[in-house]
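The values are calculated or read from the model by the stated rules, or taken from the named source; none is laboratory data. Bear in mind that the values here come from a model prediction, so they are computed numbers and not experimental data. Glycine also receives a Cβ, built like all others from the backbone with ideal geometry; neighbour counts cover every protein chain displayed. Only protein heavy atoms, including side chains, enter the accessible area calculation; ligands, DNA and RNA are left aside. Shrake-Rupley method; radii C 1.70, N 1.55, O 1.52, S 1.80 Å.
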Amino acid sequence: MPGTSEWARHWHFAPLPGLDLLRARYVRHTFPRHAHDGFTFGAVTGGIEEIGLASGTVRAGSGSVVMINPEVAHTARAGAPEGWAYATLYPAGQVIREVAAELGTIRGTPGFAETVVDDPSAAHLINAVHRAAEEGNALAADSLLRLV
């Protein structure tokens with residue numbers, strides 16, 4: 001991944017239905033205004049990502065976690081000349097509701113109050129879900145997803 005190369009891998013890990021994964025590095029690529037059906041948890045692993053929301057633009061650097069609720073329109077682009085890299089989880093709403101029900105402490109529809117948090121520990125967990133899935137370790141990937 002030297003220089004200004006861009007790459008992306010978007011995939012489904014069959015043992016974890018309802019979860020999409022994306023690991024990518026973008027420099028010039030921009031995402032026009034769009035929304036996702038489910039939740040978004042993105043761990044920024046390098047550079048800076050700028051997320052455009054109706055309320056304004058937020059920036060996320062390495063160690064930050066980007067959290068976007070379902071159906072929230074947003075854009076994304078590089079916030080620095082070197083672009084940004086991230087590992088992102090896209091769990092379906094049903095997955096989040098199941099985990100919330102298991103915890104037994106959340107009533108109603110779960111959602112994020114913040115879009116970006118500086119939380120290297122949570123970012124590490126998101127990356128760990130990716131690694132476990134890439135290694136084919138369904139039990140670890142599922143357990144780590146629940147911790148996220």
ask   = What are the pairs, 6+ residues apart or on separate chains, where a residue within segment 34-61 that is more than 11 Å from residue 78 (Cβ to Cβ) has its Cβ under 7 Å from a residue that is among the acidic types (Asp, Glu) and surrounded by 19 or more Cβ atoms within 10 Å (Cβ to Cβ)?
value = 60/49
task = Would you be able to say whether some residue in segment 49-67 is surrounded by fewer than 17 Cβ atoms within 10 Å (Cβ to Cβ), under 26 Å from residue 143 (Cα atoms), touching a Ser or Thr at 6+ places or on another chain (Cβ under 6 Å) and not basic (Lys, Arg)?
result = no
task = Would you check if there is a residue in segment 26-45 being surrounded by fewer than 19 Cβ atoms within 10 Å (Cβ to Cβ) and in contact with a helix residue (DSSP H, G or I) (Cβ under 6 Å, 6 or more places away or on another chain)?
result = no
query = Based on what the data block shows, is residue 23 of a type in the set (Lys, Arg), in contact with a strand residue (DSSP E or B) (Cβ under 9 Å, 6 or more places away or on another chain), touching a residue at least 24 places away in the same chain (Cβ under 8 Å) and under 16 Å from residue 66 (Cα atoms)?
reply = yes
query = Any idea which residue in segment 105-148 is farthest from the chain's Cα centre (by Cα), counting only those that are open to solvent by 60 Å² or more (accessible area, probe 1.4 Å) and among the small types (Gly, Ala, Ser)?
reply = 108
note = Those residues of segment 94-104 which are buried (at least 16 other Cβ atoms within 10 Å of the Cβ) and touching a Pro at 6+ places or on another chain (Cβ under 6 Å) amount to 96
query = Within segment 45-71, can you find the residues that are within 21 Å of residue 111 (Cβ to Cβ) and either in contact with a strand residue (DSSP E or B) (Cβ under 7 Å, 6 or more places away or on another chain) or basic (Lys, Arg) (or both)?
reply = 49, 51, 52, 53, 57, 58, 60, 64, 65, 66, 67, 68
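Look through segment 3-57, keep the residues that are among the β-branched types (Val, Ile, Thr) and modelled with pLDDT of 95 or more, and return whichever of them is nearest to the chain's Cα centre (by Cα).
Top of the filtered list is 40.
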